[in-house]
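Quick note: the coordinates plus some simple rules give every number you see, no bench work behind them. Owing to the predicted nature of the structure, the values given are computational and were not obtained by experimental measurement. Because the Cβ atoms are built from the backbone with ideal geometry, glycine has one as well, and the counts that use them run over all protein chains shown.
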Amino acid sequence: MTSPTRLRIAALVLFLGISLGAFGAHGLADRLAETGRADNWETATIYLLVHGVALFAIALSGARPLGFGWFLAGILLFSGSLYLLAVTGITKLGAITPLGGASFLIGWGRWIFHKASAQS
């Protein structure tokens, strides 16, 4: 995947983060109150935006895209499962969320160990 493609993906993720945050606050407020899961929607949005910024930084760096794929997987699994849980109230979807969290951790771990070994 080229750097321009990664930039577009990162921009799309950030666009979706802003859009979904606003949609949850305005368009879905009643539904999220019904399910009692507004906090899940908010958490999904925060993690989506934070990792969207990480994707953007990776794409702008032009360096090896360490963690990029893991962050994308984390966004889909973590934020995606929380968005679905928030809207549907199906608590079994929460079983998917930790897989996304693990994906985020692997992505950050790649950076930790890459940087540590690069400086040795």
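Here are the numbers:
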{"item": "Count - residues of the stretch 61-96 that are within 24 Å of GLY27 (Cα to Cα) and either in contact (Cβ under 8 Å) with a residue 40 or more places away in the chain or of a type in the set (Ser, Thr, Tyr) (or both)", "result": "11"}
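Okay, residues lined up against (1) free of Cβ contacts under 8 Å to residues at least 24 places away in the same chain; (2) over 15 Å from GLY94 (Cα atoms):
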{"site": "GLY27", "(1), (2)": "yes, yes"}
{"site": "ARG31", "(1), (2)": "no, yes"}
{"site": "ARG37", "(1), (2)": "no, no"}
{"site": "VAL50", "(1), (2)": "yes, yes"}
{"site": "PHE56", "(1), (2)": "no, yes"}
{"site": "ALA59", "(1), (2)": "no, yes"}
